[in-house]
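The numbers here are math on the coordinates, done by the rules we state, and not lab data. All figures in this text were calculated on a predicted structure; none of them were measured in a lab. Methodologically, a virtual Cβ is constructed for each residue, glycine included, from the backbone with ideal geometry; neighbour enumeration extends over all protein chains shown.
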């Protein structure tokens with residue numbers, strides 16, 4: 001805590017979707033938020049005009065500090081006095097996962113050990129293969145189908161080892177496919193719609209009739225904040241699954257998109273997976289997207305029984321409202 005008795009949290013990746021929404025939720029819950037970014041001015045500007053963001057934006061009141069998650073010293077300095085470190089950094093555009101993801105979590109673990117902080121991680125479905133489908137639970141077997149998934153499994157293994165050593169407690173909250181007001185590494189703003197463009201047609205990645213789980217970013221941030229408020233009651237290596245919106249056959253989000261732009265008869269196209277795979281021969285981002293196609297060909301949902309039993313409910317914005325808010329923020333018409 002700081003001198004005023006506020007609980008202090010360091011957020012790595014506050015300029016991104018889940019990092020920004022988690023930081024905003026923690027500010028609402030009374031935490032003192034330190035947001036580390038390579039360019040703090042640009043980080044604040046991403047929330048709006050710099051002066052306006054500092055006064056009234058969603059991260060108003062956050063303390064922006066300069067630092068790089070790949071530099072252990074930067075993370076350690078920024079973590080001074082923190083009770084928790086939200087690790088929400090990812091390589092942009094899915095690039096350089098093998099070289100960046102594990103060194104960054106190692107730096108966060110070292111900082112957490114040094115200051116006695118709990119690490120908070122956004123979990124993904126990448127950790128799982130078909131043997132865990134269709135319903136993912138906290139103790140489901142993790143046999144990933146991709147290299148990206150294997151990296152995520154190793155990342156969580158390192159966190160569990162640190163927590164079992166008593167060196168750094170961990171909170172993992174696992175979500176489905178993100179969407180929300182902030183563009184970033186998610187299918188909604190990289191596939192279904194294009195920010196600041198008119199929506200002429202919807203390109204839907206999923207197979208016909210296959211269910212898909214989605215998490216609205218503001219709800220996800222609120223869920224993390226509620227759990228972190230009562231971190232003292234959690235086990236050293238605590239894991240929770242967030243159910244979000246279950247789209248049973250893929251038509252719900254398409255319908256809400258069409259209604260959101262006022263064109264109920266909008267054209268729906270399938271994802272050209274073969275072309276994406278071909279483009280992946282020449283670019284890392286399309287290849288990483290292509291390798292995730294298995295998550296769109298089988299129903300995958302998350303069991304939130306433990307989450308609901310803990311704080312009492314899961315934050316939930318109705319899908320239609322969430323889609324409308326997202327379209328407005330991304331300036332999609």
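Computed values, structure above
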{"quantity": "Highest to lowest packing among 250-257, 310-317, scored as the average C-beta count within 10 Å", "calculated": "250-257, 310-317"}
{"quantity": "Relative contact order (%) - criterion: Cα under 8 Å, at least six apart; region: segment 223-333", "calculated": "40"}
{"quantity": "Residue 265 versus residue 165: modelled label distance in nm, points set 7 Å from Cα along the beta carbon direction", "calculated": "6.4"}
{"quantity": "23 Å tail of the calculated P(r), segment 85-217, as % of Cα pairs", "calculated": "42"}
{"quantity": "Simple spin-label estimate for residue 329 and residue 63 in nanometres, 7 Å along Cα-Cβ", "calculated": "2.6"}
{"quantity": "Sequence of 124, 146 once ranked by neighbouring C-beta atoms within 10 Å, starting from the fewest", "calculated": "146, 124"}
{"quantity": "Length gained when the stretch residue 285-residue 308 is fully extended (0.36 nm per residue, less Cα-Cα span)", "calculated": "4.8 nm"}
{"quantity": "Rounded tilt (10° steps) of 97-115 against the dominant C-alpha axis of the chain", "calculated": "30"}
{"quantity": "Principal axis dimensions, the chain - Cα atoms, whole angstrom, descending", "calculated": "58, 46, 44"}
{"quantity": "For segment 130-282: Kirkwood Rh in Å [reciprocal of mean 1/r, alpha carbons]", "calculated": "18.0"}
{"quantity": "Stokes-Einstein D for segment 217-293, Kirkwood Rh over Cα pairs, 20 °C, 1.002 mPa s (µm²/s)", "calculated": "129"}
{"quantity": "Rg over Rh, two decimals, segment 51-154 (C-alpha only, Kirkwood Rh)", "calculated": "1.05"}
{"quantity": "The chain: antiparallel DSSP beta bridges as a percent of all, rounded to 5", "calculated": "10"}
{"quantity": "Label-point gap, in nm, between residue 246 and residue 99 - each point 7 angstrom along Cα→Cβ", "calculated": "4.2"}
{"quantity": "Percent antiparallel among DSSP beta bridges (both partners in segment 145-298, rounded to 5)", "calculated": "20"}
{"quantity": "Normalised contact order of segment 72-208, rounded percent, pairs of Cα under 8 Å and 6 or more residues apart", "calculated": "22"}
